[in-house]
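Undergrad: My questions will all concern the structure given below.
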Amino acid sequence: MITIQWAYSLAGLMFGAFAILSALDRANRKRFGNAAFWGLMALSLLAGSWLGDFVNGLLVLALAAIAGFGLMGRGVPATTSEGERLTLAHQLGNRLFLPALIIPAVALAGTLAYKYTPLGAQGWIEPQRETYLFLCLGALAALAVLFAWLKPPAAAPLQEGRRLIDAIGWAAVLPQMLAALGVVFAAAGVGDVIGGAARAVIPEGNVFLTLLVFALGMVLFTMIMGNAFAAFPVMAAAIAVPLLIQADHGNPAVIGAIGMLVGFCGTLMTPMAANFNVVPAALLELKDRNGVIKAQVGTALPLLAVNILLIYFLAF
Amino acid sequence: MNLPQYFVLAGILIVVVGFALRLNPMIVVTVAALATGLIAGKGPLEIVSLLGKAFNDNRIIAIVWIVLPVIGLLERHGLRERATATIRRFKAATAGRLLVLYLLFRQVTAALGLNTIAGHPQTVRPLVAPMALAAAEQQHNGIEEESAEEVKAFAAATDNVGNFFGEDIFIAIGSIVLIQSTLAGYGYNLAPLDLAIWAIPTAIAAFLIHGFRLLRLDRRLKRRRK
């Protein structure tokens, strides 16, 4: 069976290549920092399943140390100049969009074919992971098309990939770090403490105020954890189920569905949701690391108010 | 509840202060994790193992970087420049209108379960952000750096809003499964469709609110040029 480890291994080989090319990049003063960082990512993806929890933990500490003590620079692989790109863009025309569409097209067609035709019944692919594996297949297919069409130098995809990953830097690994922090928080009982505190401030008998505390608790806890998924079970156990659903007879489907979306409003407002808010700021080379969050607050707050009113009027 | 229980919240304080002081987040997160674990009475080896296991279990987040060599290779051949040139041919295009269209595209495709076909590395950096910038520059005959930063930030924000408030309409997404399993634990057995249908009002509200703000962005860019 094709398991998700195949995708990890492919990504691991790519990061391994980034590490080697980084080590060879004499233009980057901190090239060995980059090589070590991407090399550790490669190790995690290739061998993480066999290293054991403690060694994986040491690997995490090493990644944090390399990034935190400023040991990474930014590689400058040879690429085309702005003038060359303008000429190429003109020559190649709109056909340039097609390879970019191969990745989503393969991911989509593959997922649908696997789910809705007898292909899926063969059990070739690890359940629930097919989209990720078809995404990898799409990337490989796009590369094959690009090589056949444009005949770039053999190392070009890896060097161009390294250019982009170095522009993102350690932010590429931050989402995984935050997920790990969330697990430690949960193991330490942070959720229970917050749920208990939220429950302690609720005045008795007022449905709207109870709902308000539930909603603000969802937002706050989502902002702390960077993820509404971590907040929902805690706030459901503390407030939504015992008070809103059982005591006040609210509709569980409305409270559950829109309650989760209340949390998503919090996701828009926190740097802890790094893959949505911090990584794009790095990818787009914004000067302000919080630029994306600032653009989102004006949508998140009115939408939060709408969500609270929707629950109030639809669930009760 | 007694006071010492609140001490486990020290990790949150470390994160908030660390982000506010703009310390390196990788260090802040590590220190917060170690501090929280120690306060909760766990040994150092146990905490390091916990971190390692959680990091390892979340490797799926790293899979998306597999698209970088393709995107980089396309950029090498002028993809961003081509996206810019294409937008210049549409005289009626503005940054705001373009992003409203992208918002709609992102919400509809996410609602169909296709939330991985677009995203910051796949579509925003190579296509959406350069197109929005080109539209803004064309409409206003060039824009200030402040405005360019804002247009790029709104391109990323639009991707997030479209993704978040579209995906829950699809019945097989992780968050619907989580709501369902959480509530089932208390004896409320809901079908995914019962939940997904209640995501629709919020999706519409998100489109209206964010769409309105995108059109206001156009006006703000115009004002700044005067």
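The numbers here are math on the coordinates, done by the rules we state, and not lab data. Keep in mind it's a predicted model, so treat the numbers as computed, not measured.
Undergrad: Normalized C-alpha radius of gyration of chain B, against 2.2 N^0.38 Å?
TA: Taking the Cα Rg and dividing by 2.2 N^0.38 Å, one obtains 1.28.
Undergrad: Tabulate in residue order the Karplus-calculated ³J(HN,Hα) for the range A:92-108, using 6.51 cos²θ - 1.76 cosθ + 1.60 with θ = phi - 60°, rounded to whole Hz; enter x for Gly and Pro.
TA: 7, x, 6, 4, 4, 6, 4, x, 5, 8, 4, 4, x, 5, 5, 4, 5
Undergrad: For residue B:58, what residues show an amide H to amide H distance below 5 Å, using hydrogens built from the backbone and excluding near sequence neighbours?
TA: none
Undergrad: Additional query: Which whole number in µm²/s is D for the range A:228-311 by Stokes-Einstein, with the Kirkwood Rh taken over Cα pairs at 20 °C and 1.002 mPa s?
TA: Rounded to a whole number, D works out at 153 µm²/s.
Undergrad: Determine ³J(HN,Hα), in whole Hz, for all residues of the range A:62-69 in sequence, where each value follows from phi through the Karplus function 6.51 cos²θ - 1.76 cosθ + 1.60 and θ = phi - 60°; x replaces Gly and Pro.
TA: 5, 4, 4, 5, 4, 6, x, 8
Undergrad: Continuing with the same structure: Report, as a whole number in µm² per second, the diffusion coefficient that Stokes-Einstein gives for the range A:174-315 at 4 °C and 1.567 mPa s using the Kirkwood radius over alpha carbon pairs.
TA: Taking Rh from Cα pairs, D becomes 83 µm²/s.
Undergrad: Please report, largest first and rounded to whole Å, the three semi-axes of the ellipsoid equivalent to the range A:150-229, where each semi-axis is the square root of five times an eigenvalue of the C-alpha gyration tensor.
TA: In descending order the semi-axes read 45, 15, 7 Å.
Undergrad: How much space per residue, in cubic angstrom, does the convex hull of the C-alpha atoms of the range A:1-169 take up?
TA: 133 Å³
Undergrad: Write down the radius of gyration of the range A:51-125 and its Dmax, each obtained from C-alpha positions, in Å.
TA: When restricted to Cα atoms, the range A:51-125 yields Rg and Dmax of 22.1, 54 Å.
Undergrad: Still on this structure, I have one more. In sequence order, what are the phi-derived ³J(HN,Hα) couplings for the range B:177-182 according to the Karplus relation 6.51 cos²θ - 1.76 cosθ + 1.60 with θ = phi - 60°, rounded to whole Hz, with x for glycine and proline?
TA: In residue order, the calculated couplings are 4, 5, 4, 4, 6, 5 Hz.
Undergrad: Based on the alpha carbons, how large is the Rg to Rh ratio for the protein assembly as shown when Rh follows Kirkwood?
TA: 0.96
Undergrad: Taking chain A as a Gaussian network, where each spring joins two C-alpha atoms under 10 Å apart, which residue of A:288, A:25, A:166 fluctuates the most?
TA: A:288
Undergrad: Let me ask something else. Report the full-extension gain for the segment residue A:61 to residue A:1: residue separation times 0.36 nm, less the Cα-Cα distance, to one decimal in nm.
TA: Contour length minus Cα-Cα distance gives 18.3 nm.
Undergrad: As a test of the formula, what do you get for chain A when each DSSP H run with n ≥ 4 contributes -39,500 (n - 2.57) and the sum is divided by the residue count, at 222 nm and rounded to the nearest 500 deg cm²/dmol?
TA: Rounded to the nearest 500, it is -23000 deg cm²/dmol.
Undergrad: Cα axis of helix A:31-51 to longest principal axis of chain A: angle in degrees, 0 to 90, nearest 10?
TA: 60 degrees
Undergrad: On to the next question. From the P(r) of the range B:3-57, could you give the percentage of C-alpha pairs in the tail past 14 Å?
TA: In whole percent, the long-distance tail amounts to 56.
Undergrad: Give the long-range amide H neighbours of residue A:125: residues separated by 5 or more places, or on another chain, with amide H under 5 Å away, using H modelled in the peptide plane at 1.01 Å from N.
TA: Excluding prolines and chain starts, which carry no amide H, the hits are A:2.
Undergrad: Okay, moving on. Rg/Rh for chain A to two decimals, with Rh computed the Kirkwood way over all alpha-carbon pairs.
TA: Reported Rg/Rh, Kirkwood definition of Rh: 1.03.
Undergrad: A further question follows. Tell me, what are the semi-axes, in whole angstrom and largest first, of the equivalent ellipsoid of the range A:1-81 as set by the roots of 5 times the Cα gyration tensor eigenvalues?
TA: Semi-axis lengths for the range A:1-81 are 25, 18, 7 Å.
Undergrad: Then there's this: Where does the range A:72-224 land on the Kirkwood hydrodynamic radius, alpha-carbon pairs, in angstrom?
TA: About 20.9 Å, per the Kirkwood formula over Cα pairs.
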